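Visitor: Below is a structure I'd like to ask you about.
Values quoted throughout were computed directly from the atomic coordinates according to the rules given, and no laboratory measurement underlies them. Keep in mind that this is a model prediction, so the values were computed, not measured. Positions of Cβ are backbone-derived with ideal geometry, glycine not excepted, and every protein chain shown enters the neighbour counts.
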Amino acid sequence: MSALRAPAPAAPAEPVPPAPEGRPTRRHLLSVADLDPAGIGEVLAVTDHLAEVVRRSIPRVQALRGRTVVSLFAEESTRTRLSFETAARRMSADVMTFSSASSSVKKGESLRDTVETIAAMGVDAFVVRHPAAGAPAQVARWVDAHVVNAGDGWHEHPTQALLDCYTIRQVLAEAAGVPVAQTGTEGFAGLRVGIVGDVRHSRVARSLVLALSMLGARTTLVAPGTLVPPSLEGWPVVGVSHDLDALLPDLDVVYLLRLQLERGTGAYLPSLREYTAGFGLTARRAARLAPHAVVMHPGPMNRGVEIADEVADATRSVVLRQVANGVAVRMAVLYLLLAGPEAPGADELGRSLGVAGG
Ligand code: MLT
């Protein structure tokens, strides 16, 4: 099993603080900026309990029984859509699935009419993926339901960032020999993360940089000049590097981004081969990583381009763990949005679900 080095000096494991009485209800999760560090901590703490539920032989709880979640995806997706739909079902919510390819959008129906039509059927939450940045925020203005951004254009993908933080925290807990449910977010302080690749077109990078900086990690963007956003205003990073080889030995986490070829990334590169030569995580390059460092990727991977087969399948790769954790993190997000302010916070939820440590 891959492991991050425990932070030095090893921080004492702090129990997750109980959720405050009268927890504020959030209407939507449109951006990581809708959360503060305590809010991220709360999502991770609720996820701990739900991750235990997911490991049961019957991985289902009644927490969102009677609620309806619609997944409204106007852009391709495998893992995010399935992950959200699985998460909603495991919380016993009813799930409606909308896909633009098989809907009246094909007959010219506008997004607004589509959304208002679905809302009229009685929906508690919309999970929205759209090629246009800002589309989920627009949906939130049209309906009374809660809205979760499942990826909008180049803008944000907040649940991806949360599941990435959960995965890092899990690996840090293992390295420290502490049960993840007894870990806070202190291990992120000073953690050195390199986000490598097509930052310019990446909603994943934007959300992850925000979340990591809130938790105290030090993120460096690593990319050819053409794939760095033209302005880094609002990107809380420690720097930008064009030299992956030099940076690799200093990283605790190397996070590879997919080249977004469908968003025209090819026009920003001389060739894919040249990109791989400079920025692909080949087996030779991965050998430069510190023994404790882990490799992450949000998927789908362009194997042989940004990541070599041997690296994607190596023990230091936590790519499949990211996917597995995604379900529990999305259960937590749906729970925190939909269950209402009187619903149990993290500690009480653990007790009411009868999970260890709850
Ligand atoms: C996304 O939808 O942004 C994915 O999770 C990452 C990618 O497509 O590269």
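Visitor: Report the gain in length on full extension from residue 287 to residue 245: 0.36 nm times residue separation, minus Cα-Cα distance, nm rounded to one decimal.
Guide: 14.1 nm
Visitor: Right, another one. Any chance you could check the Cα centroid distance between the stretch 232-273 and the stretch 104-135 for me, in angstrom?
Guide: Cα centres, the stretch 232-273 to the stretch 104-135: 33 Å.
Visitor: Continuing with the same structure: With each label point set 7 Å from Cα along the Cα-Cβ vector, what nm distance links residue 95 and residue 38?
Guide: Computed distance between label sites residue 95 and residue 38 equals 3.3 nm.
Visitor: For the stretch 283-358, restrict the atom set to alpha-carbon positions and state the Rg and Dmax in Å.
Guide: For the stretch 283-358, the Cα radius of gyration and maximum Cα-Cα distance read 18.1, 53 Å.
Visitor: What is the sum of charges, Lys and Arg at +1 and Asp and Glu at -1, for the other residues whose Cβ falls under 12 Å from the Cβ of residue 324?
Guide: For residues surrounding residue 324, the net value is +4.
Visitor: Summing Lys, Arg as +1 and Asp, Glu as -1, what charge do residues with Cβ under 11 Å from the Cβ of residue 180 carry, residue 180 excluded?
Guide: Overall, the nearby charge balance is -2.
Visitor: For the stretch 155-237, max minus min Cα coordinate along each principal axis, in Å, sorted largest first?
Guide: 42, 22, 19
Visitor: Of all DSSP beta bridges in the chain, what percent run antiparallel (nearest 5)?
Guide: Beta bridges within the chain, antiparallel portion: roughly 5 percent.
Visitor: How much length, in nm to one decimal, is gained on full extension between residue 56 and residue 119, taken as 0.36 nm per residue of separation minus their Cα-Cα distance?
Guide: Fully extending the segment from residue 56 to residue 119 adds 19.3 nm.
Visitor: For the chain, what does the alpha-carbon gyration tensor say about shape, rounded, prolate or oblate, given a ≥ b ≥ c as the root eigenvalues, a/c under 1.5 as rounded, and a/b over b/c as prolate?
Guide: oblate
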